[in-house]
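Asks: Got a structure for you, questions after.
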Amino acid sequence: MPSMPDPEAKKELGRASWKYFHTLLARFPDDPTEEQRSKLASFIQLYAELYPCGAVSYTHLTLPTKLEV
């Protein structure tokens, strides 16, 4: 995905994504089933790959590797 040329749109997307993920994870079960864990992991991976800003997508995809998560 290419980087977003409009800095305001990039900021707005970032704020919306941040709010969405915090809401999702706040509501995620404390003791998830294996299926729930797997679905969340797949969702986060796909979300990072398909994120509309290439620079942010790249960071989301490479950061876990750098942190050895």
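The values are calculated or read from the model by the stated rules, or taken from the named source; none is laboratory data. Remember, predicted model here, so these are calculated numbers, not experimental data. Here the Cβ is made from the backbone with ideal geometry for all residues, glycine too, and neighbour counts use every protein chain on show. With ligands, DNA and RNA removed, areas are computed over all heavy atoms of the protein, side chains included. Shrake-Rupley method; radii C 1.70, N 1.55, O 1.52, S 1.80 Å.
Asks: Looking only at segment 56-68, count how many residues are more than 14 Å from residue 17 (Cβ to Cβ) and either at pLDDT 90 or above or under 14 Å from the mean Cα position of the chain (by Cα) (or both). Spell out how you get there, then give the answer.
Replies: Here is the first cut: in segment 56-68, the ones more than 14 Å from residue 17 (Cβ to Cβ) are 58, 61-68.
With the extra rule that they be either at pLDDT 90 or above or under 14 Å from the mean Cα position of the chain (by Cα) (or both), the set shrinks to 58, 61-64.
Counting residues in segment 56-68 that are more than 14 Å from residue 17 (Cβ to Cβ) and either at pLDDT 90 or above or under 14 Å from the mean Cα position of the chain (by Cα) (or both) gives 5.
Asks: Also, quick follow-up: List pairs: first residue in segment 1-23 and more than 11 Å from residue 53 (Cα to Cα), second residue of a type outside the set (A, V, I, L, M, F, W, C) and modelled with pLDDT under 85 anywhere in the structure, Cβ distance under 8 angstrom, at least six positions apart or on different chains.
Replies: Every condition considered, the pairs that remain are 17/51.
Asks: Regarding segment 39-55, can at least one residue be identified that is under 15 Å from the mean Cα position of the chain (by Cα), charged (D, E, K, R), surrounded by 11 or more Cβ atoms within 10 Å (Cβ to Cβ) and at pLDDT 90 or above?
Replies: To start, the set of residues in segment 39-55 that are under 15 Å from the mean Cα position of the chain (by Cα) comprises 39-55.
Right, trim to charged (D, E, K, R) and you get 39, 49.
Now drop any that are not surrounded by 11 or more Cβ atoms within 10 Å (Cβ to Cβ), which leaves 39, 49.
Checking the rest, the ones that are also at pLDDT 90 or above come to 39.
There is at least one residue in segment 39-55 that is under 15 Å from the mean Cα position of the chain (by Cα), charged (D, E, K, R), surrounded by 11 or more Cβ atoms within 10 Å (Cβ to Cβ) and at pLDDT 90 or above.
Asks: While we're here: Please indicate, with yes or no, whether at least one residue in segment 6-14 is among the hydrophobic types (A, V, I, L, M, F, W, C) and closer than 16 Å to residue 59 by Cα. Even if it seems obvious, please write down each step before you answer.
Replies: Keep residues of segment 6-14 that are among the hydrophobic types (A, V, I, L, M, F, W, C), which gives 9, 13.
Those still in the list that are closer than 16 Å to residue 59 by Cα too: 13.
The answer is yes; a qualifying residue exists.
Asks: Let me ask you something else. Search segment 25-54 for residues that are more than 24 Å from residue 3 (Cα to Cα) and pair each with any residue that is open to solvent by 60 Å² or more (accessible area, probe 1.4 Å) when their beta-carbon atoms are under 7 Å apart and the residues are at least 6 apart or on different chains.
Replies: The qualifying pairs are 29/36.
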